[in-house]
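J.: Quick one: the structure is below, questions incoming.
The values are calculated or read from the model by the stated rules, or taken from the named source; none is laboratory data. Treat the numbers as computed from the prediction; the structure is a model and nothing was measured. So basically every Cβ, Gly included, is an ideal-geometry build from the backbone, and we count neighbours across all protein chains shown. The area values use the complete protein model at the heavy-atom level, side chains included, leaving out ligands, DNA and RNA. Shrake-Rupley method; radii C 1.70, N 1.55, O 1.52, S 1.80 Å.
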Amino acid sequence: DPLGSLVMPDFTTLVTRATANSCPGTPGIYDHLIACSNMTAGLYALTGTTGGNFDITGTGVTLYFICGTPTTPRACTAADPLHTGLSFHGNGSLNITAPTSGLYKGLAMVADRGNNVTLDFGGNGTFSSSGTIYAPSGTMHYNGNGNGNPIDSLIVVGDFDFNGNPSAFLSAYTQSANVTISASNLHPSQ
């Protein structure tokens with residue numbers, strides 16, 4: 001794990017936010033996000049699955065996948081069932097840019113190390129990201145007309161698969177937009 005020393009974000013000071021028909025776009029703890037077209041920069045801790053046929057857009061944003069509920073959030077363990085994630089299908093889109101300074105500089109998405117999160121894009125769901133995606137126990141799926149645009153992300157996931165159209169995954173990694181790690185730690189795993 002090239003980011004094994006990364007300290008997980010601190011969600012204990014975040015305010016629990018109610019999930020309604022639209023997202024207020026304010027950092028906090030949510031079950032999931034719905035139609036957030038202009039998120040305020042900051043940390044968004046998610047205890048459920050976000051996605052669908054709507055758009056989520058934000059600059060300076062870190063999405064953090066945790067376990068529990070918005071009122072009783074907690075770190076995940078390996079014993080937890082699949083609990084959180086992303087699922088964008090049917091023309092829904094996720095467009096986020098990681099913070100460029102501060103504690104979470106370069107970190108767009110992170111899952112607790114024990115969280116077997118699924119990041120799923122398919123059926124015309126699109127994804128545009130600048131910043132590191134860290135889900136060491138998670139899976140990233142690109143299926144059936146999933147996004148074909150390049151993303152600017154260092155990606156550390158437990159498993160990755162794609163099929164359908166496009167038949168390729170494009171990542172144009174720029175170190176300054178991502179979490180910094182030494183070159184000796186950059187390698188594909190078997």
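J.: If you go through region 86-100, how many residues are in contact with a Leu (Cβ under 6 Å, 6 or more places away or on another chain) and modelled with pLDDT under 80?
T.: Of the residues in region 86-100, 2 are in contact with a Leu (Cβ under 6 Å, 6 or more places away or on another chain) and modelled with pLDDT under 80.
J.: Condition first: open to solvent by less than 70 Å² (accessible area, probe 1.4 Å) and either modelled with pLDDT of 90 or more or touching a Cys at 6+ places or on another chain (Cβ under 9 Å) (or both). Now tell me which residues in region 7-16 satisfy that.
T.: Once the filter is applied, which keeps residues that are open to solvent by less than 70 Å² (accessible area, probe 1.4 Å) and either modelled with pLDDT of 90 or more or touching a Cys at 6+ places or on another chain (Cβ under 9 Å) (or both), region 7-16 yields Met8, Pro9, Phe11, Leu14.
J.: Just name the residue that is most open to solvent (accessible area, probe 1.4 Å) out of those in region 24-51 that are over 15 Å from the mean Cα position of the chain (by Cα) and of a type in the set (S, T, N, Q).
T.: Looking at residues that are over 15 Å from the mean Cα position of the chain (by Cα) and of a type in the set (S, T, N, Q), I get Asn38.
J.: Continuing with the same structure: Filter region 111-138 down to residues that are modelled with pLDDT of 90 or more and β-branched (Val, Ile, Thr) and give me whichever is surrounded by the most Cβ atoms within 10 Å (Cβ to Cβ).
T.: Per the stated criteria, the residue is Thr132.
J.: Test of understanding: among Ala79, Ala108, which residue is closer than 16 Å to Asp152 by Cβ, of a type in the set (Gly, Ala, Ser) and either outside any loop (DSSP other than H, G, I, E, B) or modelled with pLDDT under 85 (or both)?
T.: The unique qualifying residue is Ala108.
J.: May I ask you to verify whether Val61 is open to solvent by 60 Å² or more (accessible area, probe 1.4 Å), touching a strand residue (DSSP E or B) at 6+ places or on another chain (Cβ under 6 Å) and modelled with pLDDT of 85 or more?
T.: no
J.: Is it true that Gly148 is under 22 Å from Asn38 (Cβ atoms) and either at pLDDT 85 or above or over 12 Å from the mean Cα position of the chain (by Cα) (or both)?
T.: So Gly148 does not fit the description; no.
J.: Oh, and also: So which residues in region 32-68 are polar (S, T, N, Q) and part of a strand (DSSP E or B), if there are any at all?
T.: Passing the criteria: Ser37, Asn38, Thr49, Thr50, Thr57, Thr59, Thr62.
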